[in-house]
Amino acid sequence: MVNLDSFQPHMRVAIIGASGGLGQAFADLLSQSPHHIGHVYQLSRRPLDGHLFIDLDDEASIANAAENIAQDGALDLVINATGMLHHTEKNITPEKTWRHLDPQNMMASYQANCIAPVMAAKHFLPLMRRDGKSVYAVLSARVGSIADNRVGGWHSYRAAKAGLNMIIRNLALEMALKSPDAIVMGLHPGTVATDLSAPFRGMVKHDVFTPEESAGYLLKLINDAGQDHSGHQWAWDGAKIPG
């Protein structure tokens, strides 16, 4: 159970990518929060009950979803829980060496991990509350940190997440001019037992979280976040990740 008492009562939340493992975990935990939640909008590409349709590869779809939500009022929290590390049908997998670099696969990774979440921000940031704390949180990854990169590899995914982290910083600076209580932050969820990490979990030497565990850590981080969190990337345990 996660407390969200740093937000105003009757808070309104949008979860982009709600059909994924982490997205659904966020929705489930929010439904159990002791803090009164006014409404949780679950947005995904899949036609699931209660979900609003959004296709992050189609800006018109993003704009339409944002316009529909805007009719109900401002949002207190937006969580973008989307991303792509591999794609079986497109034969995309993280590169181990520069010899594996392919321009089409690089563009696909950049589209999924940088362009798509940024286009969502373009249309959802204007919906954020201006009269109290609001948080726009985007899933990023520790491997997008240039300063923290000590092993190399995974070229396209790393580069796309690094680009995303830069734009998160830009968005935070711009948002601060419009709303002094707004926070725009990147989140590193750790290694989570979802489809995204499935082919690679055997390689990790640290803990693997269930989606519920990771989402719980991240919601606590969001609740504890202040203005010093805006524009930066933060790990599930509250540690600041270098740029």
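The values are calculated or read from the model by the stated rules, or taken from the named source; none is laboratory data. Bear in mind that the values here come from a model prediction, so they are computed numbers and not experimental data. In this analysis, Cβ positions are derived from the backbone assuming ideal geometry, glycine residues included, and neighbour counts consider all displayed protein chains. Calculation scope for accessible area: heavy atoms of the full protein, side chains included, ligands and nucleic acids excluded. Shrake-Rupley method; radii C 1.70, N 1.55, O 1.52, S 1.80 Å.
For the chain, the solvent-accessible area works out to 49 Å² per residue, with a probe of 1.4 Å and every protein chain left in place. Hydrodynamic analysis of the chain uses the Kirkwood radius over alpha carbon pairs. Inserted into Stokes-Einstein at 4 °C and 1.567 mPa s, it gives a translational diffusion coefficient of 72 µm²/s. Think of the chain as a dipole: +1 on every Lys or Arg Cβ, -1 on every Asp or Glu Cβ, centred on the Cα centre; then among T88, A147, N165, A147 lies furthest on the positive end.
Here the scattering of segment 1-99 is modelled by Debye summation over its C-alpha atoms, one equal scatterer each and no solvent; at q = 0.11, 0.13 Å⁻¹ the log10 of I(q)/I(0) is -0.40, -0.54. Using the Cβ-Cβ distance between L177 and I146 with R0 set to 22 Å, the FRET efficiency works out to roughly 0.25.
Under a crude label model (7 Å from the Cα following the beta-carbon direction), how far is M166 from T97 in nanometres? Rounded to a tenth, the inter-label distance reads 2.8 nm.
Counting only residues at least eight positions apart within a chain, or on another chain, the lysines with an alpha carbon under 24 Å from that of K96 are K161, K205.
Each listed q (0.11, 0.21 Å⁻¹) maps to a log10 I(q)/I(0) for segment 59-153, found by the Debye formula over equal Cα scatterers with no solvent: -0.45, -1.08. If R0 is taken as 35 Å, the Cβ-Cβ distance between E89 and N3 corresponds to a FRET efficiency of 0.30. Distance between the 7 Å Cα→Cβ label points at D28 and R45: 2.3 nm. Note on segment 125-193: semi-axes of the ellipsoid equivalent to its C-alpha gyration tensor, largest first and rounded to whole Å, are 28, 13, 9.
The orientation-averaged projection of the convex hull spanning the C-alpha atoms of segment 47-96 amounts to 5.5 square nanometres.
Give me the angle, in degrees from 0 to 90, between the Cα long axis of helix 21-31 and the longest principal axis of the Cα atoms of the chain, rounded to the nearest 10. Approximately 20 degrees, to the nearest ten. Per-atom-type breakdown for segment 69-214 gives carbon and sulfur 56% of the accessible area (1.4 Å probe, protein chains only). Helix 59-70 and the longest principal axis of the C-alpha atoms of the chain enclose an angle of approximately 30°.
Once the Cα atoms are used to define both axes, helix 155-178 deviates from the longest principal axis of the chain by about 20 degrees.
How much length is gained on full extension from H10 to L52, taking 0.36 nm per residue of separation minus their Cα-Cα distance? Intermediate values should be presented prior to the final figure.
Values: separation 42, 0.36 × 42 = 15.12 nm, distance 2.02 nm.
That pair, H10 and L52, stretches by 13.1 nm at full extension.
Full extension from Q227 to A74: what is 0.36 nm times the residue separation minus their Cα-Cα distance, to one decimal in nm? Before the final figure, lay out the partial values.
Values: separation 153, 0.36 × 153 = 55.08 nm, distance 1.95 nm.
Result for the pair: 53.1 nm of gain on full extension.
Under 21 Å between alpha carbons, and skipping anything fewer than 8 positions from K220 in its own chain: which lysines qualify? Answer for K220, where 21 Å is the Cα cut-off: K133, K240, listed by chain and number.
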